[in-house]
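Below: the structure, in structure tokens.
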Amino acid sequence: MGGTRLNKIGRLLQKELSELFRKQTAMMHGTLITVSAVRVSPDLAVAKVYLSIFPSEKGKELLGTIEKNKKSLRYDLGQIVRTQLRIIPELVFYLDDSLDYVENIDKLLKK
């Protein structure tokens, strides 16, 4: 499989997971979960999902909740993309703290 196909699958999973998280966080006012990147393994067995969570103080707590509900998220994702993908990859979630890193650098440069 080529890199182009993996990129397309990654973008598809990113779009659909973003929509799932948007629907789930609509009830929690003041919380925003963004899927910043999805990297799919060449055999389509594993998808590494990088999440950016605002406010960042709730990041670890929400990531733990997402990890607990990983199976239902994968099932919901499978229901959405079942016509496009034969195998739904196992989801592995990571906290993307690149925005916090950039913010910290900005603070240091202003000093």
- Query: In nanometres, what is the gap between the two model label sites at Glu19 and Thr34, each 7 Å from Cα along Cα-to-Cβ?
  - Reply: 2.0
- Largest first, what is the accessible-area ranking of Leu95, Leu109, Leu73 with a 1.4 Å probe? Leu109, Leu95, Leu73
- Note on the structure: Binned at 5 Å from zero, the C-alpha pair distances of the range 6-111 give percents of 2, 11, 22, 24, 17, 11, 7, 4, 2, 1, 0
- Restricting to aspartates and glutamates and to Cα separations under 13 Å from Lys23, and discarding same-chain partners fewer than 8 apart, the set is Asp76
- Roughly how many Å² of Lys70 are accessible to a 1.4 Å probe, to the nearest 10? 50
- Query: Taking the Cα centre of the range 23-111 as the origin and placing charges on Cβ (Lys, Arg +1; Asp, Glu -1), which of His29, Gly78, Phe54 is farthest toward the positive end of the dipole?
  - Reply: Gly78
- Working with all protein chains in place, sort Tyr50, Tyr75 by solvent-accessible area computed with a 1.4 Å probe, largest first. Tyr75, Tyr50
- Using Cα pairs closer than 8 Å and at least 6 residues apart in sequence, work out the relative contact order for the chain, in percent. 26
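Rank Asp97, Asp76 by accessible area, highest first, at a 1.4 Å probe radius?
Details: Asp97 95, Asp76 55 Å².
So, going from the largest accessible area down, we get Asp97, Asp76.
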- Within the set Lys60/Lys111; Lys8/Lys68; Lys15/Lys68; Lys71/Lys107; Lys15/Lys58, which residue pairs have Cα atoms separated by over 32 Å? Lys71/Lys107
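The values are calculated or read from the model by the stated rules, or taken from the named source; none is laboratory data. Everything quoted here is computed from the prediction, not taken from an experiment. Note: ideal-geometry Cβ built from the backbone for every residue, glycine included; neighbour counts use all protein chains shown. Accessible surface is based on the protein model in full, side chains and every heavy atom, while ligands, DNA and RNA are left aside. Shrake-Rupley method; radii C 1.70, N 1.55, O 1.52, S 1.80 Å.
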